[in-house]
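Taking it in order: structure first as structure tokens, then the write-up.
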Amino acid sequence: MKNKISVTKIKKGLSALHVNYGSFCIISKINDLTVEIHIHYISWIRDDIETVLNFLRENYGIEERLNNNYLITER
């Protein structure tokens, strides 16, 4: 059985990166196991976006969907 995922934990982790993820990420909980993150790509903050994606890939299961949407689950 998979572990429940916490939106608060994800937001705290992203805040620790010192990037303004709130300006380009929309985080929404789908159910107890899955969170969806939509990233609005803006070329001038590309480094911040890559930092967020690298953090998510290192710490969570990540499935890339269409239109810059990502499904995030606990590993």
Search region 58-69 for residues that are surrounded by 14 or more Cβ atoms within 10 Å (Cβ to Cβ) and pair each with any residue that is at pLDDT 95 or above and aromatic (Phe, Trp, Tyr) when their beta-carbon atoms are under 8 Å apart and the residues are at least 6 apart or on different chains.
-> Ile62/Tyr70
Given (1) more than 19 Å from Arg57 (Cβ to Cβ); (2) without any contact (Cβ under 8 Å) to a residue 12 or more places away in the chain; (3) basic (Lys, Arg), number of the condition Lys9 does not satisfy = (1)
Output the residue which, of all residues in region 1-49 that are farther than 20 Å from Arg75 by Cα and of a type in the set (Asp, Glu), is surrounded by the most Cβ atoms within 10 Å (Cβ to Cβ).
-> Asp48
When restricted to Ser28, Ser23, the only residue among the small types (Gly, Ala, Ser) and more than 15 Å from Lys9 (Cα to Cα) is Ser23
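The values are calculated or read from the model by the stated rules, or taken from the named source; none is laboratory data. Please read these numbers as outputs of a predicted model, since none were measured by experiment. Virtual Cβ from ideal backbone geometry, glycine too; neighbours counted across all protein chains shown.
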